[in-house]
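Here is the structure we will look at, set down as C-alpha cells.
The values are calculated or read from the model by the stated rules, or taken from the named source; none is laboratory data. Everything numeric here is computed off the predicted structure, so don't read it as measured data. Glycine also receives a Cβ, built like all others from the backbone with ideal geometry; neighbour counts cover every protein chain displayed.
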Amino acid sequence: MNVARCARAPLIGLIVALALVNVVSVYPGVRLLDGSYDIPGFDVPAAAHVLGTAARGFPGGAVFVCDVAPGSPEATSYLTAVDARDQVFPAPDNGLLTYVGRDLNRSAAAAR
C-alpha cells in the first residue's frame, strides 16, 4: 500500500489497511494491489476509463473490487460482472464498468 497516497485520505487509508489485513489473514497467499486515489472524487467516467484500461494489463482470474458512489449507498444497485478472461468486477451499477463491459462475456450476478 502506498502510504503517501493514504496520507491524503486518512480514513480511506485506514479502511483499505483493515480490509487488506483481513483478506490476507483468510487468504495468506493472495496478492493485493491498492488502486488509485488520483481519480477526481465522484468522477465515474474517469474511474471507468482507468479501470477499463488497467484491467487489460492484469491476468485472467483477477478480482477488481471497485466503487465510485456519487449517490447515497442506499440508492445504489450493485452487480458483479465477469469478462472473457474470468476477471471479476463487483461494482455499483452506475457506469463504472462501461469500458470493462465492452469485453464482458457474461454477467455473473446482479444485486441491490
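Considering only segment 62-112, give the strands (runs of 3 or more DSSP E) lying wholly within it that have at least 2 residues that are within 13 Å of the chain's Cα centre (by Cα) and modelled with pLDDT of 70 or more.
78-83, 88-92
Kindly indicate whether GLY52 is modelled with pLDDT under 85, part of a helix (DSSP H, G or I) and within 15 Å of the chain's Cα centre (by Cα).
no
So that you can scan it fast, the table gives a plain yes or no per residue for (1) in a helix (DSSP H, G or I); (2) in contact (Cβ under 8 Å) with a residue 24 or more places away in the chain; (3) exposed (fewer than 13 other Cβ atoms within 10 Å of the Cβ):
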{"site": "LEU18", "(1), (2), (3)": "yes, no, yes"}
{"site": "ASN22", "(1), (2), (3)": "yes, no, yes"}
{"site": "LEU33", "(1), (2), (3)": "no, no, yes"}
{"site": "TYR37", "(1), (2), (3)": "no, yes, no"}
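Go through segment 39-53 and count every residue that is surrounded by 16 or more Cβ atoms within 10 Å (Cβ to Cβ) and small (Gly, Ala, Ser).
So the answer is 3.
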